[in-house]
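Read through the structure below, which is laid out as C-alpha cells, and then see the notes.
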Amino acid sequence: MSTSIARRAVVTGGGGQIGAATARMLADRGFAVGVLDQDGDAADAVAREINAGGKPAIALTAQTTELAQLQCARAEFEAEFGPATALVNIAGLPHAAAFDDLDPATWERVVAANLTGTVQATQVFAAGMRAAGFGRIVMMATMSAVLANQGQIAYGAAKGGVISLTSSLAVEFARDGVTVNAVCPGAVATPAALAILTTEQRAERERRIPVGRLASPEDVAHAVGFLVADESSYINGLMLYVDGGLHVAGIF
Ligand SMILES: NC(=O)c1ccc[n+]([C@@H]2O[C@H](COP(=O)([O-])OP(=O)(O)OC[C@H]3O[C@@H](n4cnc5c(N)ncnc54)[C@H](O)[C@@H]3O)[C@@H](O)[C@H]2O)c1
C-alpha cells in the first residue's frame, strides 16, 4: 500500500465516457484512482491509459447493484492505495420510453442501475471516509431529473432519487467531514446519450442550449473536480447544473 498518496478516489462507471474523463482528470490532480465498472475491459483500458501517463490507477470490476462485488472492489482498492477519500458515483443507464410503454422489468432495471447502485456504492465507500473524518462524494444526476424531458420517465425518476439522496446524505455526513454534492448535466455528447436522440432532436437541443452545443465529458469532469477539491469543504448538498444555461433559458 502506498502511504504517499493523500487523495484516493473511486469512480463508478469509470469505463464509460464521463467516467473515463473524470478518472483522467482526478489522476491529473494527484488522486490515485479506482476505475470501477461492470465492464472490466473498459475499466482496464482507462486504468492502463492513466498508468501509461505515470499515474496510479487500478481497474475494479464490479456491478454497483451487487453489494458483495462492491465490497470486494473496496478491499482491492484499499490493499493497493488505502481507503478512498472520494467517491464519484457515475455508473448509470440512460433510458427513454413513453410512460404507457414502461413495463415493470424495465422500471426495475433502470432504477437499479441509476439509484440502487448509487446507494450501495455510497454505503460501501462512505464508511471509511466518515471514520477518517474527511471525504468527498459526488453523485451523477441529470437535468432530466430537474426539468421534464420527453420519455425519460424511469430515468428521470431514478435520478430524482439520486438528488434526494444527495440532500439527505449531505446533512447526515456533514459532521464527519464528508461533503455530498450532485452534478446535473444536460445532454452530453456521448454515444449512450446520442443513441437515444434523433438527429432532429439533437439539432433542436443545440438550438435551445444557450452556449449552442452539447456538453463534452470533460465539461462534466471539470465540475466533479471542483466538488472533490479539498478547498470545497463548505460546498455541501449542491446540485451543480452543467447544462450550458439551459435551466434559465426555458423549455428543456
Ligand atoms: N451522456 C449524457 O448525456 C448524460 C447526461 C446526464 C447524466 N448522465 C449520466 O452520466 C453517467 C455516465 O454517462 P455516460 O454518457 O458516460 O454513459 P456510458 O454508458 O458511456 O457510461 C456508463 C458506464 O457505467 C457502467 N455501468 C452501468 N451500470 C453499471 C453498474 N450497475 N455497475 C457498474 N458499472 C455500470 C457502464 O458499463 C458504462 O461503462 C450516467 O449516470 C448517466 O446517467 C449522462
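The values are calculated or read from the model by the stated rules, or taken from the named source; none is laboratory data. From a predicted model like this one, the values you see are computed outputs, not experimental measurements. Cβ placement follows ideal geometry from the backbone for every residue including glycine, while neighbour counts extend to all protein chains displayed.
Things to note:
- Answer from 142, 122, 190 - the residue that is touching a residue at least 60 places away in the same chain (Cβ under 8 Å), within 22 Å of residue 19 (Cβ to Cβ) and not basic (Lys, Arg): 190
- Qualifying residues in region 18-68 (those that are within 26 Å of residue 215 (Cβ to Cβ) and among the polar types (S, T, N, Q)) - the one nearest to the chain's Cα centre (by Cα): 22
- Across region 11-55, the qualifying residues are those that are in contact with an Asp or Glu (Cβ under 7 Å, 6 or more places away or on another chain) and hydrophobic (A, V, I, L, M, F, W, C), and the one among them that is nearest to residue 226 (Cα to Cα) is 21.
- Checklist (1) modelled with pLDDT under 95; (2) surrounded by 15 or more Cβ atoms within 10 Å (Cβ to Cβ) applied to residue 198, failing item: (2)
- The set of residues in region 220-252 that are among the charged types (D, E, K, R) and surrounded by 21 or more Cβ atoms within 10 Å (Cβ to Cβ) contains only 243.
- Test: residue in region 210-218 that is assigned to a loop (DSSP other than H, G, I, E, B), within 16 Å of the ligand (Cβ to nearest atom), over 16 Å from residue 87 (Cα atoms) and β-branched (Val, Ile, Thr): yes
- Qualifying residues in region 1-50 (those that are in a loop (DSSP other than H, G, I, E, B) and of a type in the set (Gly, Ala, Ser)) - the one farthest from the ligand (Cβ to nearest atom): 4
- Unique residue being more than 12 Å from residue 221 (Cβ to Cβ) and in contact with a helix residue (DSSP H, G or I) (Cβ under 9 Å, 6 or more places away or on another chain) when the list is 26, 36: 36
- Flag if residue 17 is in contact with a Pro (Cβ under 6 Å, 6 or more places away or on another chain), over 22 Å from residue 232 (Cβ atoms) and either surrounded by fewer than 24 Cβ atoms within 10 Å (Cβ to Cβ) or in contact (Cβ under 8 Å) with a residue 60 or more places away in the chain (or both): yes
- Where a residue in region 216-238 is touching a residue at least 24 places away in the same chain (Cβ under 8 Å) and its partner, wherever it lies, is away from the ligand (no atom under 16 Å from the Cβ), with Cβ under 6 Å and at least six apart: 228/86; 228/136; 236/170; 236/174; 236/179; 237/167; 237/170
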